[in-house]
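I have placed the structure first, in the form of C-alpha cells, so that the comments after it can refer back to it.
The values are calculated or read from the model by the stated rules, or taken from the named source; none is laboratory data. Small disclaimer: the values here were computed from a predicted structure and weren't measured. Counting neighbours? That spans all protein chains shown, and the Cβs are built from the backbone with ideal geometry, glycine included. All accessible areas refer to the heavy atoms of the entire protein, side chains included, with ligands and DNA or RNA removed. Shrake-Rupley method; radii C 1.70, N 1.55, O 1.52, S 1.80 Å.
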Amino acid sequence: MDKANPYHIGIIMDGNGRWAEERGLSRSRGHRAGANTLKKLCQHVVDLEIPYLSVFAFSTENFKRAKTEVQYLMNLFVELFKKELDFLIEDGVKVVFSGKREPLPPRVLKAMDEIVQKTSSNTKCVFNVCLNYGGKSEIVDMTKNVVQKVQNGELSLEDIDEEVIDANLYQPLPPIDLVIRTSGELRISNFMLWQSAYAEFYFPKKYFPDFGPEDLDIAIEEFRKRNRRFGGVKK
Ligand code: FPP
C-alpha cells in the first residue's frame, strides 16, 4: 500500500456548465460556483502541505464557446487573480501559468503577470494554472525550444533526454501523481500529457462546484491505496 500523499495533484475542473443548467442557472453562475470551489481546494492543498497543484482553467479549444461565456470567464480570471486569490500570497503559494499568451486579452495577461510577480518568491506550494493550454501544443512548443537550442549549438542531439524535455516545457514541474477529473467523464482531454505519464486517475461523479475539500480527502485516500509500480514489480 502506498502511504505517501501525492506530491503533485492535477485537477480537470469539469461540470460547471451542467451544475448550473441542472439548477436552471446560467453557465456563468456555474463558473462562479467553480471558482469558489477552487479557492477552497487551493486552501486545503496548502493545509495538507501538498507542494504542487495544477488545474485546467481554460483549454485552447474553449475559445470555440459562445463569446459571452468566454468573456465571462476572462473577467472571472481577472477578478480572481487581482483580489480573490490574495490569500495565496499570504499562504506562501507561488502562482505560475502554463499555456499560450496569444490570443488572451491584455487585461488577463496583465493580471496573470501581476500575480506571478507578487508570488514569485513564495516556496510553500506551486499553483500551476493551465490557461489557454493544450497538452499537445505544449509538446510542440517544447520541441521548437529544443530544436532551436540544438541549432544554436547550446545543446547537442545526444544531450536530449527526459530531463531536457522537462526543462523545456511551459513550466518546470514534477510528474503528476494524481489526476482528478470531476463530472464523471473518463477522459484526459489534452491535459498535461507528458506530466501525467504515470499518474493515477480518479473520476468522481460530482460536478466541479460540488467537489469540496472533503472530496479531495477521499481522492487522496484512494490514491494512497493504489499500488504504483511504474512498470516494475511491487515487492
Ligand atoms: C469546465 O466546465 C470548466 C471550465 C472551462 C472553466 C473552469 C474555470 C473555473 C473553475 C474558474 C476559476 C479558475 C481559475 C483558475 C481562476 P464546463 O463548462 O466544461 O462544464 P460542462 O462540461 O458541464 O459544460
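Would you look at the GNM of the chain, springs on alpha carbons closer than 10 Å, and say which of Q171, Q117, Q148 moves the most?
Q148
Where nothing but the Cβ of Lys and Arg (+1) and of Asp and Glu (-1) is charged, how large is the charge dipole of region 17-156 around its Cα centre, in debye to the nearest 20? Write down the numbers at each step before the final one.
Numbers: 22 positive and 17 negative charges, 98 e Å.
Computed charge dipole of region 17-156: roughly 460 debye.
Using modelled amide H (1.01 Å from N, peptide plane; none on Pro or chain starts), what sits under 5 Å from the amide H of Y52, excluding residues fewer than 5 places away?
I9, V126
Solvent-accessible area per residue for region 115-235 at a 1.4 Å probe radius, Å²? Working shown, then result.
On the way: 6700 Å² over 121 residues.
Averaged over the residues of region 115-235, the accessible area is 55 Å².
Over the chain, what is the relative contact order in percent, taking alpha-carbon pairs closer than 8 angstrom and at least six residues apart?
Working: 369 pairs, mean separation 70.8, N = 235.
With pairs under 8 Å counted, the relative contact order is 30 percent.
Work out how far the C-alpha atoms of region 1-110 reach from end to end along every principal axis, then list the three figures in whole Å, largest first.
45, 34, 24
Is there a quick way to get the dipole size of region 1-100? I mean about its Cα centre, with the Cβ of Lys and Arg at +1 and of Asp and Glu at -1; what is the value in debye to the nearest 20? Walk me through the intermediate numbers first.
Values: 15 positive and 13 negative charges, 96 e Å.
Here the size comes out at about 460 debye.
What order do T123, T60 take when sorted by accessible area (1.4 Å probe), most exposed first?
Details: T123 130, T60 40 Å².
Largest to smallest exposure gives the sequence T123, T60.
For region 1-60, compute the orientation-averaged projected area of the C-alpha convex hull (one quarter of its surface), in nm².
Working: hull surface 22.1 nm².
Projected area, direction-averaged: 5.5 nm².
Leaving ligands, DNA and RNA out of it, work out the accessible area of R27 with a 1.4 Å probe and give it in Å² to the nearest 10.
80 Å²
Please report, as a whole percent, how much of the solvent-accessible surface of the chain comes from carbon and sulfur atoms (probe radius 1.4 Å).
Values: 6370 of 12200 Å².
Of all accessible area on the chain, carbon and sulfur atoms account for 52 percent.
Not counting ligands, DNA or RNA, and with a 1.4 Å probe, what is K225's accessible surface area in Å² rounded to the nearest 10?
130 Å²
For region 86-116 and region 1-56, compute the distance between their C-alpha centroids and round to whole Å.
17 Å
Long-range amide H contacts for V96: which residues qualify at under 5 Å (H placed 1.01 Å from N, peptide plane, sequence gap of 5 or more or a different chain)?
The list, which skips near neighbours in sequence, is F127, N128, V129.
Starting from the Cα gyration tensor of the chain, multiply each eigenvalue by 5, take the square root, and state the resulting semi-axes largest first in whole Å. Intermediate results must be reported in sequence, preceding the final value.
Numbers: eigenvalues 150, 115, 62 Å².
In descending order the semi-axes read 27, 24, 18 Å.
Relative to the present Cα-Cα distance, how much length would full extension add between R65 and K225 at 0.36 nm per residue of separation?
Values: separation 160, 0.36 × 160 = 57.60 nm, distance 3.85 nm.
So the chain would gain 53.7 nm between R65 and K225.
Kirkwood Rh over alpha-carbon pairs of region 107-200, then Stokes-Einstein at 10 °C and 1.306 mPa s: what D in µm² s⁻¹, rounded to an integer?
Details: Rh = 15.5 Å.
The diffusion coefficient I find is 103 µm²/s.
Can you compute the helix-only [θ] at 222 nm over the chain? Use -39500 (n - 2.57) per DSSP H run of at least 4 residues, normalise by all residues, nearest 500 deg cm²/dmol.
Numbers: 8 runs with 95 residues, N = 235.
Mean residue ellipticity at 222 nm (helix-derived): -12500 deg cm²/dmol.
Under 20 Å from a label point 7 Å along Cα→Cβ of N75: give me every residue in region 104-123 with its amide N that close.
Answer for this model: 104-112.
For the charge dipole of the chain, defined by +1 on Lys and Arg C-beta atoms and -1 on Asp and Glu C-beta atoms about the Cα centroid, which residue among S156, A167, T143 has the Cα displaced farthest towards the positive pole?
Farthest along the dipole direction, towards plus: T143.
Which of E61, E185, E200 moves most in a GNM of the chain, Cα contacts under 10 Å?
E61
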